[in-house]
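Below: the structure, in structure tokens.
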Amino acid sequence: MAVQENLLLGAKASKNATLTLVFLSILKGVVGFYSGSASLIADAIHTSLDIFTSLAVWIGLKLSMRGSEEKFPYGYYKADNLVSLFVSIIILFSGVELVREALLNIASPVEIKLQGIALGTAVFSVIAMYALSQYKFKVGKQIDSQALIADALHSYTDVFSSLIVAITIIGSLLGVLWLDSAGVLVISLMIFKLGIGMAKDSILTLMDAWLDKDSIERIRQNVGSIQGVKTVDEIRLRKSGLVVFGEIEIEIEGDASLKRVEMLFEEIEKTVKNEVKNLEHLVVNVKPEKISVMKIAVPVLMQEGLHSKVSRHFSKAPYFIFIELENNDIISWDVSENPAAGLEKKKGLKAAEFLKDQGVNVLIAGEIGEAPFHTLRDNFVKLLQMPEEIEDVEQVVKKVSELNTLTAPTE
């Protein structure tokens, strides 16, 4: 189901819940007032606060439906999380008020009148609030709305609070008058526990914390099993309202051509979507496989192996020495003539094409023209600046990790 359809479904659920809560709060308030039941009045206050929380959830979901814009490039989805935090604050506030009322009434309990009507109202409230909480929870889970789920859990506490009200009224029938205020205190404790838990989850989500660690491990395992993916380095997910934004960094085997990367992206996105509901956007950062063996080319003046004198002129050098380096250790080397050295025109370009054909991935050069520079760069050959003070090939190779990268032609 599309995100916009989810938001519409959630907004409709919040609207229906608000109307139901208005009816229940009025019913419990009126019966509580005429019967003198403090717990029923407290439950009516609790339910009336639910009206504001349901309205807040509705507003948050409606805001989330607004598209992205220059000021909010990621949309208004976090309005859902802000509303969830707001709901938790209201829940805690209602708990404080109920405790205050209970402490005032526990010292001087009042006998409940119209006990049958009060008990019937409490039982009806239990049934109605249970049905309402299940409805909101089902829709909240379906669309993955943190605010709607939080609101459903809040309504679920009303089920227990109404049940406690029924018990206190039964206690009044049996002559245990203080049970009414004690019931209010129990309801308040339940409200505090719920509010603190909701506030914690809302704050963590607003700070982009990802709470489902198991899903990260499953994604790492499933993406790592895709053919062509060598390693999965980083996985970052963050929830914004109903939707999730993600970033994954992988290392692939072989070349990183655009067509190959595009094919891998489609498979990776599908894999992540299987684990993460409402994935809105996924960034896949692809790194080519780390080169275990570097093939380095150095222009030289003579054929004396690793002791050859280096040539600072890339295209005019009579020879190139090719060195294979693994973990900074030389494992082999070979000297070849530069086929472009005797040419009058385009010798730099010819020399660059020669190195490309030899599979070179690093060139150490002093002077290099524009055409060979761009030819080698376009073929992913790394260009390093040859140091001024070193003349021996072996000394140059030993310092390869310290050399500066050439970022522009030098001739």
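List of remarks:
- Residue that is modelled with the highest pLDDT [pool: residues in the stretch 267-301 that are farther than 30 Å from Gln385 by Cα and touching a Lys or Arg at 6+ places or on another chain (Cβ under 7 Å)]: Glu275
- Residue within the stretch 91-107 that is farther than 22 Å from Lys12 by Cα, modelled with pLDDT under 75 and outside any helix (DSSP H, G or I) present: yes
- Scanning the stretch 239-255 for residues that are under 27 Å from Lys78 (Cβ atoms) and either surrounded by fewer than 17 Cβ atoms within 10 Å (Cβ to Cβ) or in contact with a Cys (Cβ under 9 Å, 6 or more places away or on another chain) (or both) yields a count of 2.
- Which numbered condition Asp329 fails, given (1) surrounded by 13 or more Cβ atoms within 10 Å (Cβ to Cβ); (2) closer than 17 Å to Met294 by Cα: (1)
Residue-wise test of (1) surrounded by 14 or more Cβ atoms within 10 Å (Cβ to Cβ); (2) among the small types (Gly, Ala, Ser); (3) within 30 Å of Trp210 (Cα to Cα).
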position: Glu275; (1), (2), (3): yes, no, yes
position: Glu280; (1), (2), (3): yes, no, yes
position: Val286; (1), (2), (3): yes, no, yes
position: Lys295; (1), (2), (3): yes, no, no
position: Asn338; (1), (2), (3): yes, no, no
position: Gly342; (1), (2), (3): no, yes, no
position: Leu363; (1), (2), (3): yes, no, no
position: Asp378; (1), (2), (3): no, no, no
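The values are calculated or read from the model by the stated rules, or taken from the named source; none is laboratory data. Note that the coordinates shown come from a computational prediction; the quantities given were computed from them, not determined experimentally. Reconstructed Cβ throughout: ideal geometry from the backbone, glycine too, with neighbour counts over all protein chains shown.
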